[in-house]
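What follows is a short report on a single structure.
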Amino acid sequence: MSYLFEMHLHTDEVSRCANIPAKQIAKLYLATDYDGIVVTDHMNNSAFRKPEHKNAEWDKKVDHFLEGYNILKEELDGKMVVLLGMEINFYDSENDYLVYGVTEEFLRSNGDLMAYSPEDFSKLCKENGLLFLQAHPFRRGLTVEDWEILDGYEVFNGNPRHYSSNPIAEAWAKFHNKDIVVAGSDFHEIEDLAHGGVYFNNEIKTNDDLLRELKALNYSLYKAEFKHTR
């Protein structure tokens, strides 16, 4: 038996580029074969674009960042596993990074996470046992991060509106012996539903389970066929 998880998903409540509210996302994913979702809302300037968020203290920004996750967790309680992750941008970089194993305590205890450099954030993740991966590293307009500071890569991104050069990302990960790789739908719109994910060999209920199985490589990737719309 395997357990299918969405590893890359955004909610309208937090991510400016997403257009589906969390309550609707819950209904959409309940109609699929997924067993769980890792909510990876954007942690970037656009997520805090409104004046009440932009000028808020960090704890208030964290409150806002958790909105989509909390709604999904409430809506899917007992029906599907919902875990917290994030897709972070740092102030001096256009790159996107997926972080797995995120906790509310981690978010609140380390100050403005976007102010870190990728190198320093990588160290912070290691100190806290989190996994730090570059999302869609070969998408146009982005720069491939130094492989030495990463735990791995997203090698299959299912967003049809971006050409992410998935085969190149997968080859790059293999070349640098990065065994921790993930696939995800990069859900923002209904058309992104169920395009990618990870099949875990063991049941996942918590972020500790997720981290253990990713680090042990007890999983395989789900890659749907889709057509790019741009």
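Residue by residue, here is whether (1) over 21 Å from Val198 (Cα atoms); (2) of a type in the set (Lys, Arg); (3) surrounded by fewer than 20 Cβ atoms within 10 Å (Cβ to Cβ) holds:
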position: Thr40; (1), (2), (3): no, no, no
position: Glu57; (1), (2), (3): yes, no, yes
position: Lys61; (1), (2), (3): yes, yes, no
position: Phe65; (1), (2), (3): yes, no, no
position: Asn110; (1), (2), (3): yes, no, yes
Given the criterion more than 21 Å from His53 (Cα to Cα), touching a His at 6+ places or on another chain (Cβ under 9 Å) and touching a residue at least 24 places away in the same chain (Cβ under 8 Å), identify the matching residue among Leu83, Leu76, Leu98. Leu98
Within the stretch 123-154, residues without any contact (Cβ under 8 Å) to a residue 40 or more places away in the chain, of a type outside the set (S, T, N, Q) and open to solvent by 70 Å² or more (accessible area, probe 1.4 Å) come out as Lys123, Lys126, Glu127, Arg140, Trp147, Glu148
Scanning for something buried (at least 21 other Cβ atoms within 10 Å of the Cβ), of a type in the set (Asp, Glu) and in contact with a strand residue (DSSP E or B) (Cβ under 7 Å, 6 or more places away or on another chain), does the stretch 170-182 turn up at least one residue? no
Quick one: count up the residues across the stretch 92-126 that are in a loop (DSSP other than H, G, I, E, B) and at pLDDT 95 or above. 10
Answer yes or no: is there a residue in the stretch 63-74 that is closer than 29 Å to Gly141 by Cβ and among the polar types (S, T, N, Q). no
Tabulated pairs, the stretch 167-179, first more than 24 Å from Glu225 (Cα to Cα), second open to solvent by 100 Å² or more (accessible area, probe 1.4 Å), C-beta under 7 angstrom, 6+ apart or interchain: none
So which of Ala18, Ala56 ends up being part of a loop (DSSP other than H, G, I, E, B) and free of Cβ contacts under 8 Å to residues at least 24 places away in the same chain? Ala56
When every residue in the stretch 211-230 that is touching a Phe, Trp or Tyr at 6+ places or on another chain (Cβ under 9 Å) and open to solvent by 70 Å² or more (accessible area, probe 1.4 Å) is compared, the one nearest to Asn159 (Cα to Cα) is His228
Given the structure, is Leu30 on the phi < 0 side of the Ramachandran plot, aliphatic (A, V, I, L, M) and open to solvent by 50 Å² or more (accessible area, probe 1.4 Å)? yes
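The values are calculated or read from the model by the stated rules, or taken from the named source; none is laboratory data. The structure displayed is predicted, hence computed values, not measured ones. Every residue, glycine as well, gets a Cβ built from its backbone with ideal geometry; the counts of neighbours run over all protein chains shown. Side chains are part of the model used for accessible areas, which takes the heavy atoms of the whole protein and leaves out ligands, DNA and RNA. Shrake-Rupley method; radii C 1.70, N 1.55, O 1.52, S 1.80 Å.
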